[in-house]
Each structure stands twice: as C-alpha cells, then as structure tokens.
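Trainee: Sharing a structure below in structure tokens format, with a few things to ask.
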Amino acid sequence: MFAARRPPPGASPAVAPADDPVETPAAPAASEARSVAPAAVSVPARRSARIVATGARNADSAEVERERLLARLLASQGRAMISRAADDCRRAGIEFPSSQAVQLQLLEHVDESLAREALAALGHLLAAEPPLKRPILEQRLKRLEDSADEEATRAAAAELRRSLRA
C-alpha cells in the first residue's frame, strides 16, 4: 500500500537545479529583475507530493503465524485434520477466538475437554446471535450427544441442542 505524503503547508518547496535558468554573463539585469519579482508577486507555495510506503501492512511474524494457523483450522475437514490443526494452534500458544466458525470446528476435536469448552463458548455466542451454520451445528451436537465418551460432554451437547431448538 502506498500513500501520498505532502510537506507541511508552510514549508517552501525544494527547487531542483534544472529548474533554474542558466545565467549568462551578458544578462545581469535579468538576474536583478528576477530577484525583485518574487517579493513583489505573492505566489502561493506549490506543494509537492511524495509517495512513501506505509508501515501498517508490516505485521509481526507472530501475528502472521497466528492468522495462518487459524486459517488452517477453519479450512480443515474431518476430525483428524481439525484435531491436528487445533493442536498446532495450542502448541503455538494461540488462544482460540470466540467466533462461531472457530468454535464449531472445535466441536470435532478428539479431546472432549476442548469440545466442552467450545460448547460453553457456543452457548454464550448463540444467546446473543443466531447460528451461522445451523445444520452443521445440529449435526455435530447430535454426534456429541450420541457418541461422546464422557457424560459431561453428552449432557452439555444435549442442553445446547435443546436451547437451539427453542
């Protein structure tokens, strides 16, 4: 991204040597007339623009890595891929954002404690806004309700599914 940067209004523009006419020894009167003319005529200072690169697009490497890992998590399909992507995020120290898309993906994780955390986060999110991918959410909640190993996970999925219907 480039941005135009202008000098402050009070600054006088720099004059390049090519802009000055070459004086010959036979024309000293023209030189004197030229030195008087700028004082008599008030010409507004011309502002010149320079193109400079902005630093806003230069994100640090940690933020780039965070975005890359979260994009990989969101693009993953299947329990194994989602679990690997989520584990990579956790190993990198990334905290999962409380967005429906990320929490929906975390419901497929093989670690049920992470799935329970996603269920709790989705409960808070769905209280404030409607579900974005309702059929997928219902299918994943049904799978957790039917086949989760831990009773706490099955109960949390059943409760969220009931609140989703209401």
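No lab work stands behind these numbers, since they all come straight from the coordinates. In this text the structure is predicted, and so the values were computed from the model without any measurement. No Cβ is skipped: glycine too gets one built from the backbone with ideal geometry, and neighbour counts run over all protein chains shown.
Trainee: For the condition touching a residue at least 12 places away in the same chain (Cβ under 8 Å) and either surrounded by fewer than 11 Cβ atoms within 10 Å (Cβ to Cβ) or not in a loop (DSSP other than H, G, I, E, B) (or both), what is the one hit in Arg68, Arg116, Arg154, Arg84? Please lay out each step first, then the result.
Mentor: Values: Arg68 fails: touching a residue at least 12 places away in the same chain (Cβ under 8 Å); Arg154 fails: touching a residue at least 12 places away in the same chain (Cβ under 8 Å); Arg84 fails: touching a residue at least 12 places away in the same chain (Cβ under 8 Å).
Selected residue: Arg116, the only one of Arg68, Arg116, Arg154, Arg84 that is touching a residue at least 12 places away in the same chain (Cβ under 8 Å) and either surrounded by fewer than 11 Cβ atoms within 10 Å (Cβ to Cβ) or not in a loop (DSSP other than H, G, I, E, B) (or both).
Trainee: A further question on this structure: Name the residues in the stretch 123-149 that are within 12 Å of Glu112 (Cβ to Cβ), loosely packed, with under 13 Cβ neighbours inside 10 Å and not hydroxyl-bearing (Ser, Thr, Tyr), would you?
Mentor: Asp149
Trainee: Now, a different point. Could we say that Ala101 is in a helix (DSSP H, G or I) and either surrounded by 11 or more Cβ atoms within 10 Å (Cβ to Cβ) or hydroxyl-bearing (Ser, Thr, Tyr) (or both) here?
Mentor: For Ala101, the condition - in a helix (DSSP H, G or I) and either surrounded by 11 or more Cβ atoms within 10 Å (Cβ to Cβ) or hydroxyl-bearing (Ser, Thr, Tyr) (or both) - is met.
Trainee: Would it be correct to say that Ser163 is assigned to a helix (DSSP H, G or I), in contact with a helix residue (DSSP H, G or I) (Cβ under 9 Å, 6 or more places away or on another chain), surrounded by fewer than 20 Cβ atoms within 10 Å (Cβ to Cβ) and touching a residue at least 40 places away in the same chain (Cβ under 8 Å)? Spell out how you get there, then give the answer.
Mentor: On the way: assigned to a helix (DSSP H, G or I): yes; in contact with a helix residue (DSSP H, G or I) (Cβ under 9 Å, 6 or more places away or on another chain): yes; surrounded by fewer than 20 Cβ atoms within 10 Å (Cβ to Cβ): yes; touching a residue at least 40 places away in the same chain (Cβ under 8 Å): yes.
Judged against the criteria, Ser163 is a match.
Trainee: Please go through the stretch 54-65 and give me each residue that is free of Cβ contacts under 8 Å to residues at least 12 places away in the same chain and either in a helix (DSSP H, G or I) or within 15 Å of Arg140 (Cβ to Cβ) (or both), ordered by number. Spell out the reasoning first.
Mentor: First, the residues of the stretch 54-65 that are free of Cβ contacts under 8 Å to residues at least 12 places away in the same chain: 55, 58-64.
Once the filter is applied, which keeps residues that are free of Cβ contacts under 8 Å to residues at least 12 places away in the same chain and either in a helix (DSSP H, G or I) or within 15 Å of Arg140 (Cβ to Cβ) (or both), the stretch 54-65 yields Ser61, Ala62, Glu63, Val64.
Trainee: For the stretch 119-151, which residues satisfy the criterion of being more than 34 Å from the chain's Cα centre (by Cα) and assigned to a loop (DSSP other than H, G, I, E, B)?
Mentor: Within the stretch 119-151, Ala148, Asp149, Glu150 qualify.
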